[in-house]
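Laboratory data are not the source of any read-out in this text; all were calculated from the coordinates shown. All figures in this text were calculated on a predicted structure; none of them were measured in a lab. Methodologically, a virtual Cβ is constructed for each residue, glycine included, from the backbone with ideal geometry; neighbour enumeration extends over all protein chains shown.
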Amino acid sequence: MGKLVHIMILLACFLVVSFPLESEAVDKKAIKAITSQGKQTISDATFREIFRDYLCQHLGKEKSDVMVSGLKVLGNKPVPPGEINLRLFQKDKRRLEGNVRLVAIISVNGVVKNKIRLSGWVDVFESVVCACRNLKKGEIIEEDDLYLARKNISHLSSKTLTDTGKAVGLMVKHTIGKDACIKEWMLEKPLVVKRGDMITILAESGNLRVTAPGRVLAKGHMGELIRVQNSMSKKMIYARVINNSTVRVDF
């Protein structure tokens with residue numbers, strides 16, 4: 001009897017380790033089982049639908065934006081009759097694009113009966129930001145410089161922009177060719193002040209407002225904290241860039 005209890009404990013531990021709790025239940029209406037000779041089988045076609053539905057839900061996409069090819073269903077065996085429940089979880093934490101692997105846990109009447117491995121190539125389509133013309137290094141991007149194009153983002157960097165608003169007003173770091181997809185690292189905030197610029201240092205506290213002349217010790221973008229020198233006291237302090245002629249000391 002003691003040996004049986006020991007085996008049951010080990011089995012329970014195995015199930016907890018093998019089947020994570022971070023899984024997602026599949027709508028019972030989506031599970032289409034075929035009964036034959038006292039056994040139930042879920043078709044590979046059903047798994048294809050479930051796989052795609054999972055992707056659409058987690059990516060926030062319509063079915064027309066998600067394409068699955070080369071889906072492999074491994075370990076799909078018949079299970080006993082009864083009420084089938086199916087839970088899905090991602091095998092790894094990679095992007096749900098390109099080569100995607102999911103695991104399906106099949107339970108019958110609340111008892112785990114099978115674990116099925118699903119893998120396939122996933123293409124996801126989305127509108128991304130592209131350049132209307134050649135953009136030279138140092139140019140400030142305007143709305144008319146950009147357009148949106150529907151692309152297969154499975155082959156693009158996760159840093160590719162999908163909102164033109166996140167590019168307008170930024171400066172081009174390196175030349176960008178016409179029709180190229182624009183990525184975050186290609187852009188930066190435009191320089192507002194550069195080393196050696198003479199500026200006004202502003203300090204405010206309540207109704208108190210004090211200004212002093214200063215000199216920039218390091219280049220800075222809008223809103224950035226930079227080193228400046230008070231020209232009167234020669235003291236080095238940190239201040240935030242307000243515009244091309246003013247920095248403000250934060251209290």
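For the reader, a short list of remarks on this structure follows.
- Efficiency of FRET between S157 and N109 - r from beta-carbon atoms, R0 35 angstrom, step 0.05: 0.15
- For region 193-251, a Kirkwood radius taken over Cα pairs fed into Stokes-Einstein (20 °C, viscosity 1.002 mPa s) yields D = 195 µm²/s.
- Exceedance of the 22 Å cut-off in Cα-Cα distance is limited, within the set K63/K178; K72/K113; K136/K159; K63/K151, to K63/K178.
- The label point for L208 and the one for E83, both projected 7 Å from the Cα toward the Cβ, are 7.1 nm apart.
- Ranked L146, L74, criterion: other C-beta atoms within 10 Å, fewest first: L74, L146
- The residues L161, L71, when put in order of fewest to most other Cβ atoms within 10 Å, stand as L71, L161.
- Cα pair distances exceeding 33 angstrom across the chain, given as percent: 52
- Contact order relative to length of the chain, as percent, for alpha carbon pairs under 8 angstrom and 6 or more apart: 11
- Intensity falloff of region 125-188 expressed as log10 I(q)/I(0), Debye formula with alpha-carbon point scatterers, at q = 0.21, 0.25 Å⁻¹: -0.74, -1.05
- R0 of 35 Å, Cβ-Cβ distance A149-R195: FRET efficiency to nearest 0.05: 0.35
- Long-range Cα-Cα pairs in region 156-208 (distance over 14 Å), rounded percent: 67
- For the pair region 66-96 and region 100-121, the centres of their Cα atoms are 5 angstrom apart.
- Most mobile of R215, R52, R117 in a GNM of the chain (Cα contacts under 10 Å): R215
- Cα point-scatterer Debye curve for region 84-128, base-10 log of I(q)/I(0) at q = 0.13, 0.33 Å⁻¹: -0.38, -1.11
- Taking other C-beta atoms within 10 Å as the exposure proxy, I140, I199 rank I140, I199 from fewest upward.
- Taking a straight line from the alpha carbon of K194, these aspartates and glutamates sit under 18 Å away, with near neighbours fewer than eight places off in the same chain left out: E139, E224.
- For the residues I105, I31, I226, a GNM of the chain with alpha-carbon springs under 10 Å puts the largest fluctuation on I226.
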